[in-house]
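The values are calculated or read from the model by the stated rules, or taken from the named source; none is laboratory data. None of these values were measured; they are calculated from a predicted model. All Cβ positions, glycine included, derive from the backbone under ideal geometry; neighbour counts span all protein chains shown.
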Amino acid sequence: MREYLGGGLGTPATRADIIEKLFSSFYIERHGKEIVPTSKGEQVIKLAPEDLRQPLLTAEWEMRLDAIAKGRDNKDKFINEIKRYSAKLVSSVIASDAEYKHENLTKKVCPNCGKFMLAVNGKRGKMLVCQDRECGYRENVSMITNARCPNCHKRMEMFGSGDKKSFVCACGYRESEDAFIKRTRGSRNAASRDFTRQYLRNQNKRQEEPEESDFARALRLSMEKRKK
């Protein structure tokens, strides 16, 4: 079945979007340069029917579709089999007594629906999200910035809002926004106060803007290149 999987699941056009959906649903998250499954992702894999966990299923369907395209299989027969198979899977999930448990539940209450919120790692930092997907409320806790720690030179996270902003590094270094501004103004490669303020405004803007998917980013860059 390996030849029917080609370079992997999905196509180059759909693969980036699939990964973005896994990020936005908090099934995976970044740990440094690595992408790892979250507790939610690991539980969903264990709760899913066995057939859906195997890439062999995709290979089998690709083989059937290839046979249909070459006239060696019947399209309507395949569609009816898929319908029956889907109904069987849904019935098995409904009948299952397995339970999903939130391992990242906080004591913070959602201001919209009153349910407890979940602590998650977004692509740009830490967030609180409502456990009710229909509610959809989200709240930023911290944001990964381009500001470098003066001790270990790693990127720091920015916590708080307004006059209570502070920068925190994984090594333990911490400084207030005012201290950051004074330090950057006084460094050898001095950034002016206006430049530092502009930098912080850009960080806030990034925090408020919706995340751009890898696929959308590639498409935008391609269009910009064509215009040039």
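Side notes on the structure shown:
- For beta carbons closer than 9 Å, sequence separation of 6+ or different chains, a first residue in region 107-132 that is farther than 23 Å from T145 by Cβ and of a type in the set (V, I, T) and a second that is outside any loop (DSSP other than H, G, I, E, B) and modelled with pLDDT under 90, the qualifying pairs are V109/F116; V109/M117.
- All of A87, A67 fail the test of being surrounded by 11 or more Cβ atoms within 10 Å (Cβ to Cβ), of a type in the set (A, V, I, L, M, F, W, C) and free of Cβ contacts under 8 Å to residues at least 12 places away in the same chain, apart from A67.
- Subset tally (residues that are at pLDDT 85 or above and out of contact with any strand residue (DSSP E or B) (no Cβ under 7 Å at 6 or more places or on another chain)) for region 156-172: 2
- Total residues in region 96-155, condition among the aromatic types (F, W, Y) and in contact with a strand residue (DSSP E or B) (Cβ under 8 Å, 6 or more places away or on another chain): 2
- Some residue of region 126-134 being touching a His at 6+ places or on another chain (Cβ under 7 Å), under 30 Å from E50 (Cα atoms) and surrounded by 14 or more Cβ atoms within 10 Å (Cβ to Cβ): yes
- Scan of region 69-81 for residues that are of a type in the set (A, V, I, L, M, F, W, C) and under 17 Å from E3 (Cβ atoms), ordered by number: A69
This table checks each residue for (1) modelled with pLDDT of 90 or more; (2) within 21 Å of the chain's Cα centre (by Cα).
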position	(1), (2)
T38	no, yes
E60	no, no
K70	yes, no
N74	yes, no
S96	no, no
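- Strands (runs of 3 or more DSSP E) completely within region 136-188 that count 3 or more residues being within 22 Å of the chain's Cα centre (by Cα): 138-140, 142-148, 155-159
- Taken as a whole, the condition of being closer than 20 Å to Y27 by Cβ and surrounded by 15 or more Cβ atoms within 10 Å (Cβ to Cβ) applies to L118.
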